[in-house]
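Input: a single structure, listed below in structure tokens.
The values are calculated or read from the model by the stated rules, or taken from the named source; none is laboratory data. This is a predicted model, so every value here is computed, not measured. Methodologically, a virtual Cβ is constructed for each residue, glycine included, from the backbone with ideal geometry; neighbour enumeration extends over all protein chains shown. The protein model used for the area step is the full one, side chains on, heavy atoms only, and it has no ligands, DNA or RNA in it. Shrake-Rupley method; radii C 1.70, N 1.55, O 1.52, S 1.80 Å.
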Amino acid sequence: MQHQAELALTAEQRTAITDAVKRLQAQVIDVQWQMQYEQQKLAQLLSDSSVQEAPALAQIDRVLDLERQIKKAHLATLIRIKNTLTAEQQRQLRSLVEHTVGVR
């Protein structure tokens, strides 16, 4: 985490955040491999000169479901991290990010 010193994270907070990120990485790596495989299958279906609509649409549903799983896992991790921070740390982090990105 880029701003951990400015936020004065406790050892417990650092551990909780690190554990959340490790869980995310372990969870997402398998889904990413599976998604790459399913995307290759979709590409193969779409590469035929005449595409069979039903199988192609079923395959995109599998790909999109895997993408949804990854996005859901990312959001769950962000929620866990946010809930680890105090209200003041959350405010500080918003301010630091806005200052860094230039968003107001």
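Rounded to a whole number of µm²/s, how large is the Stokes-Einstein D of the chain at 25 °C and 0.890 mPa s, given Rh as the Kirkwood radius over C-alpha pairs?
Taking Rh from Cα pairs, D becomes 149 µm²/s.
Do you know the Lys pair count in the chain for C-alpha distances under 19 Å, with sequence separation 8 or more or different chains?
Taking the chain as the scope, the lysine pair count is 5.
Calculate the spin-label point distance for Arg23 paired with Ser47, positioning each point 7 Å from the Cα along the beta-carbon direction, and give it in nanometres.
Computed distance between label sites Ser47 and Arg23 equals 3.9 nm.
I'd like the accessible area for His99: 1.4 Å probe, protein heavy atoms, all chains in place, Å² to the nearest 10.
Here the accessible area works out near 140 Å².
Report Lys22's accessible area, 1.4 Å probe, all protein chains in place, as a number in Å² to the nearest 10.
Using a 1.4 Å probe on the heavy atoms, I get roughly 120 Å².
Which value in nm describes the separation of the simple spin-label points at Val101 and Leu75, placed 7 Å from the Cα toward the beta carbon?
Using points 7 Å along Cα→Cβ, the separation is 1.7 nm.
For a label point 7 Å from the Cα of Glu12 along Cα→C-beta, name the residues of region 50-94 whose backbone N is under 18 Å from it.
Backbone N within reach: 80-90.
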